[in-house]
Amino acid sequence: GLGDVYKRQHIVPREWSEERIQDSQTLFDRRGVGIWLAYMKTSTDLLGFCGFLEFPTMHSDPQLVYGMFERFSGKGYATEMALAAIAEARKNAEFRDIIASVDEINAASLRVLDKLGFTRFSTQKGNFGIMFLMRLGNKCH
């Protein structure tokens, strides 16, 4: 899952970012969601990103993704960003379930998704070992 990338100095490599920006724009055009940048409310500091991207080899629905700079981790921002992205997706009737994937070793992202009410429904091999596909049902928190 993308939650792992927040541990690096830069959230994601430039090439990956350029490709995902295009993917995000296409998804906004088709489904009304994509990636949003998140800034601190009290300053202009970039916190990270959150939103949805498609990974068709994992699941047919767009997945919730987020990443942030390490200095902001552990303060509840990932949960806040995810709640905002989920609320935006819920405005669109096509989003019955919200899907996310997370690597088993990413304890922080697992805690965020558990706190939000996601449940595991599939296990796959990921880039860092075992990866869980998780689902948040129709009931919104």
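The values are calculated or read from the model by the stated rules, or taken from the named source; none is laboratory data. All values derive from a computational prediction rather than experimental measurement. Ideal geometry is used to build each Cβ from the backbone, glycine not excepted, and the neighbour counts take in all protein chains shown. These accessible areas exclude ligands, DNA and RNA; they are computed on the full protein's heavy atoms, side chains included. Shrake-Rupley method; radii C 1.70, N 1.55, O 1.52, S 1.80 Å.
Points worth noting:
- None of ALA89, ALA100 is at pLDDT 95 or above and closer than 20 Å to ASP23 by Cβ except ALA100.
- Annotation: of all residues in region 1-16 being over 23 Å from LEU133 (Cα atoms) and either of a type outside the set (D, E, K, R) or in a strand (DSSP E or B) (or both), the one that is modelled with the lowest pLDDT is GLN9.
- Summed over region 21-60, the residues that are of a type outside the set (A, V, I, L, M, F, W, C) and open to solvent by 50 Å² or more (accessible area, probe 1.4 Å) give a count of 15.
- Picking from residues in region 99-139 that are touching a Leu at 6+ places or on another chain (Cβ under 9 Å) and assigned to a loop (DSSP other than H, G, I, E, B), the one that is nearest to LEU53 (Cα to Cα) is PHE118.
- Of the residues making up region 107-125, those that are surrounded by fewer than 22 Cβ atoms within 10 Å (Cβ to Cβ), of a type outside the set (A, V, I, L, M) and within 15 Å of VAL65 (Cα to Cα) number 2.
- Matching residues in region 82-94 - criterion: being open to solvent by less than 20 Å² (accessible area, probe 1.4 Å) and touching a residue at least 40 places away in the same chain (Cβ under 8 Å): ALA85, ILE86, ALA89
- Taking region 83-98 as the range and being in a loop (DSSP other than H, G, I, E, B) and touching a strand residue (DSSP E or B) at 6+ places or on another chain (Cβ under 6 Å) as the test, only ASP97 passes.
- Close pairs from region 25-48: first modelled with pLDDT under 90, partner open to solvent by 90 Å² or more (accessible area, probe 1.4 Å) and of a type in the set (Asp, Glu), Cβ under 8 Å, at least 6 apart: ARG31/GLU94
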